[in-house]
Ligand SMILES: [Zn+2]
């Protein structure tokens, strides 16, 4: 029987561990897990959390977040987003995130800023992916990797025909990034996969038809545009012997393309978004459902769930972006002809990731709790060099834990979210079944029964 007291103990839980789900709890001290086992084997805690028989899982790791988007203006935007959006994250059970950084200037001179602003304002630990949005960024890959940023995002070849200030990556630039990725252990090339030419042609046809509903937006970027680009990613990944990650796979054709390259032994992994698992083009969302790539039909959604179950899609993220309702609706309401002009975006994804995975996944028996933990936590940590520090409950891992009541219910309304903009989301009005009751970050009880118990800051930049 252990005698010394530790900082925090969760008891009376069903703990999801890599070797199975056990009855008992988790002991945490100095920010890390120091014991996992039956309640009688655990020491006393300064703080004791009674899980009341509920499930205890590792905190989720969101691999796809956009805090501080450039078009909203640095540096304040990043600072504000770190506070408000990660406040929502801890309420939702997300305890670690990887944020995309995109700017015109070089990244390396600003790395201290990116670390410091997060450490001062975030409620969770975080790492970065750098967007290769300008030619000179490609030369920074070795220095970024040395500083702990090992993932490099390319828009291949999306945005080619827009006025967005992101230079599209064509095969030449992709080759130059991936050939460097191939030389750096743990490095990964990340891709937005939509063929710009096919997309442009289909969007023109949809707009010319005078339609401005969500189906028109979906028709503007067909599944083939995604699959074609994934196939090129596969060729270039094999050619460079590199390692690639396709963000936000949205369609059955996209899944097939990822699987095709995996069968050939090429390192291509696929991520999908909780929004694609929770929403379809049939939802009456207007501009609230404008995401890129688009929401698709239920048939595609079922293909994504199936791909998650059989390990073709191994990662789930959110694409969380904080935009105000007015900014997203262009001040013209939820429905209307401004669909084509409205900015695409998904928010506040980090706070609905776990509730929707529980509601649409676990409670509809589309995914087991163990697989949910893999695709929302463990695999994301592994893919981006954070495992076993993150994504698992095991001795020595960071004490980031979530207690989940799989039967708790709520309705997602304007009071549900704790982010900066709680008034809109793709899941507004939905009833959820399955909610976090406690979130523990670094061994500290951060949220209990909806109440925030910690201050922002003091979290860590995760060099990988
Ligand atoms: Zn994104």
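Some points to look at:
- Boolean, residue 259 is under 27 Å from residue 176 (Cα atoms) and assigned to a strand (DSSP E or B): no
- The test for being modelled with pLDDT of 95 or more, within 21 Å of residue 437 (Cβ to Cβ) and either over 20 Å from the mean Cα position of the chain (by Cα) or not in a strand (DSSP E or B) (or both) does not hold for residue 34.
- Counting only residues that are over 18 Å from residue 157 (Cα atoms) and part of a loop (DSSP other than H, G, I, E, B), the range 105-141 holds 6 of them.
- Residue check, residue 295 within 16 Å of the ligand (Cβ to nearest atom) and touching a helix residue (DSSP H, G or I) at 6+ places or on another chain (Cβ under 8 Å): yes
- Residues (more than 16 Å from the ligand (Cβ to nearest atom), in a helix (DSSP H, G or I) and surrounded by 22 or more Cβ atoms within 10 Å (Cβ to Cβ)) located in the range 237-256: 237, 255
- Cross-chain or 6+ apart pairs with Cβ under 6 Å, the range 149-177 first and at negative phi and modelled with pLDDT under 95, then outside any loop (DSSP other than H, G, I, E, B) and surrounded by fewer than 18 Cβ atoms within 10 Å (Cβ to Cβ): 161/200
- Only a single item in (1) part of a helix (DSSP H, G or I); (2) within 17 Å of the chain's Cα centre (by Cα) is not met by residue 303, and it is number (2).
- Checking each residue in the range 306-319 for being part of a helix (DSSP H, G or I) and either surrounded by fewer than 22 Cβ atoms within 10 Å (Cβ to Cβ) or within 16 Å of the ligand (Cβ to nearest atom) (or both) picks out 306, 307, 309, 310.
- Boolean, residue 57 is under 30 Å from residue 371 (Cα atoms), touching a helix residue (DSSP H, G or I) at 6+ places or on another chain (Cβ under 6 Å) and assigned to a strand (DSSP E or B): yes
- Selection status of residue 421, in a loop (DSSP other than H, G, I, E, B) and either surrounded by 17 or more Cβ atoms within 10 Å (Cβ to Cβ) or within 20 Å of the chain's Cα centre (by Cα) (or both): yes
Okay, residues lined up against (1) touching a residue at least 40 places away in the same chain (Cβ under 8 Å); (2) buried (at least 19 other Cβ atoms within 10 Å of the Cβ):
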residue: 28; (1), (2): yes, yes
residue: 43; (1), (2): yes, no
residue: 58; (1), (2): yes, yes
residue: 69; (1), (2): yes, yes
residue: 99; (1), (2): no, yes
residue: 114; (1), (2): yes, yes
residue: 118; (1), (2): yes, yes
residue: 123; (1), (2): yes, yes
residue: 135; (1), (2): no, no
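- Residue match in the range 199-222 (condition: in contact with a strand residue (DSSP E or B) (Cβ under 8 Å, 6 or more places away or on another chain) and either within 16 Å of the ligand (Cβ to nearest atom) or within 30 Å of residue 331 (Cα to Cα) (or both)): no
- Residue in the range 360-374 that is farthest from residue 54 (Cα to Cα), counting only those that are touching a helix residue (DSSP H, G or I) at 6+ places or on another chain (Cβ under 8 Å) and surrounded by 24 or more Cβ atoms within 10 Å (Cβ to Cβ): 361
The values are calculated or read from the model by the stated rules, or taken from the named source; none is laboratory data. If you're wondering where the values come from, they're calculated on a predicted model, not measured in any experiment. For neighbour counting, all protein chains shown are included, and Cβ atoms are generated from backbone atoms with ideal geometry for every residue, glycine included.
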